[in-house]
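To start, the structure itself, in structure tokens.
The values are calculated or read from the model by the stated rules, or taken from the named source; none is laboratory data. Quick caveat, the model's predicted, so the values are computed rather than measured. Note: ideal-geometry Cβ built from the backbone for every residue, glycine included; neighbour counts use all protein chains shown. What goes into the accessible areas is simple: the full protein's heavy atoms, side chains included, and nothing from ligands, DNA or RNA. Shrake-Rupley method; radii C 1.70, N 1.55, O 1.52, S 1.80 Å.
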Amino acid sequence: MQPLIDQHGRIATDLRVSLTDRCNLRCTYCMPPEGLDWMPTDEQLTDAEVVRLIGVAVRELGVTEVRFTGGEPLVRRGLVDIVRQVRALDADVEMSITTNALGLARTASALAEAGLNRANVSLDTVRSDTFHQITRRDRFADVVEGLAAAEAAGLGPVKVNAVLLRGVNDDQAPELLAWCLERGYQLRFIEQMPLDAQHGWDRSSMVTADEILSSLSSVFRLSPAAEPRGSAPAELFRVDDGPATVGVIASVTRPFCGDCDRVRLTADGQVRNCLFARTESDLRTALRTGASDADLAARWRTAMWGKLPGHGIDDPTFLQPDRPMSAIGG
Ligand code: SAM
Ligand code: SF4
């Protein structure tokens, strides 16, 4: 086995697989109200192709964690079967999902039974009206049900990911944390990144990690968590002396590129060595023209070798990638 190493010495072991670019919400910081021009079905990898590439990653490239994302991975019809097949090819790989949780109440137990380990749910507010304002859909109750179902199915510890938007929910961090603590969910705030389809991100209006921590500190006592962060993107803080923690993923103001261990596969079979990469490597064409597993693995290693040392958001020449977050897989 030769791992996915880059020229700066990082080794990728955490694979994010986007299963679709479609979604049933329209979060304002992610996509426009009308949605996007979705990927044509024939361009999307089939279930068998997804499983084959994950197999190459796990067996030939040393990937130990697979996270399904999108778009909304729960809208992918074959999801449970994909999870089952990946579990059949490797008993130990850690498998999780990042989801908006719409429909998770119906599928959580099937996913757990098929071999999924954990669920991360995105939820930016615990007020139904703010939820509607951010996601443009009135589905807060479904997310609450989905979270409870994930916990009940054993997909825990359930993590909740939240993005704060100025003037919308930036005053709601403490109440979101209180709500998660009450239910035993691990909350992590993510700084908004320049990955929206509308290209509307503006650094000056982004809610920063410092602001998030200061808002939480008005209600909770926060202290740095004892355990080392390693390659985890979230900086963890103990809440009121623990054991509960809250995380902040400060991709913009406190970048962690030097410790990154992630690699991404899009729903149309392109390897992205960084969320912010401006180039991709096509595995789908190779896959569909008879490449062997060893060929695919070699192409994947080459794609990874060129990973840049950092995302460069602060560089004056920074350009947002052409693909929005929903088509990359967050
Ligand atoms: N639909 C699923 C969900 O929302 O969990 C999975 C895909 S979504 C793109 C993955 C994560 O990216 C979500 O937690 C979402 O809040 C986050 N996200 C989307 N756009 C973002 C942006 N511009 N900056 C920071 N996080 C973003
Ligand atoms: Fe959909 Fe997730 Fe984007 Fe919201 S953040 S629109 S749930 S893909």
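How large is the accessible surface of Ser204 in square angstrom, using a 1.4 angstrom probe and rounding to the nearest 10?
Roll a 1.4 Å probe over it and Ser204 shows about 100 Å².
Roughly speaking, what is the centre-to-centre gap between the range 28-47 and the range 262-285 when only Cα atoms are used, to the nearest Å?
When both Cα centres are located, 16 Å separates them.
For every helix of n ≥ 4 consecutive DSSP H residues, a contribution of -39,500 (n - 2.57) applies; sum these over the chain, divide by its total residues, and give [θ] at 222 nm rounded to the nearest 500 deg cm²/dmol.
Rounded to the nearest 500, the figure is -9000 deg cm²/dmol.
How much area per residue is accessible in the range 4-328 when the probe is 1.4 Å and only protein heavy atoms are counted (Å²)?
Heavy-atom SASA per residue in the range 4-328 reads 42 Å².
So what does Asp240 come to for accessible area, using a 1.4 Å probe and Å² rounded to 10?
Rounded to the nearest 10, that gives 70 Å².
Let me know the charge dipole size of the chain about its Cα centre in debye, to the nearest 20, where only the beta-carbon of Lys, Arg (+1) and Asp, Glu (-1) is charged.
Using only the charged Cβ atoms, the result is roughly 360 debye.
So what does Trp300 come to for accessible area, using a 1.4 Å probe and Å² rounded to 10?
Rounded to the nearest 10, that gives 0 Å².
Enumerate cysteines in the chain without a disulfide-compatible partner, where compatibility requires another Cys Cβ under 4.7 angstrom.
Cys23, Cys180, Cys257, Cys260, Cys274, each lacking another Cys Cβ under 4.7 Å.
Note down the net charge around Arg106, summing +1 for each Lys or Arg and -1 for each Asp or Glu among other residues with Cβ under 12 Å from its Cβ.
Within the 12 Å Cβ shell, the charges total -2.
Keeping every protein chain in place, order Thr98, Thr302 by accessible area at 1.4 Å, biggest value first, i.e. largest first.
Sorted by accessible area, descending: Thr302, Thr98.
How large is the translational diffusion coefficient of the range 109-181 in µm² per second when you combine the Kirkwood radius over alpha carbon pairs with Stokes-Einstein at 25 °C and 0.890 mPa s?
Estimated diffusion coefficient is 188 µm²/s.
Over the range 75-206, with every protein chain in place, what whole percent of the accessible area is carbon and sulfur at 1.4 Å, could you tell me?
45
I want the antiparallel fraction of DSSP beta bridges within the chain, as a percent rounded to 5.
Just about 35 percent of them are antiparallel.
Give the Cα extents of the range 4-328 along the principal axes, in whole Å, largest first.
The Cα atoms of the range 4-328 stretch 58, 46, 43 Å along their principal axes.
If Thr64, Thr245 are ordered by their accessible area, calculated over protein heavy atoms with a 1.4 Å probe, which sequence runs from highest to lowest?
From most exposed to least exposed: Thr64, Thr245.
Could you work out the relative contact order of the range 4-328, using alpha carbon pairs under 8 angstrom and six or more residues apart, expressed as a whole percent?
Rounded, it is 21 percent for the range 4-328.
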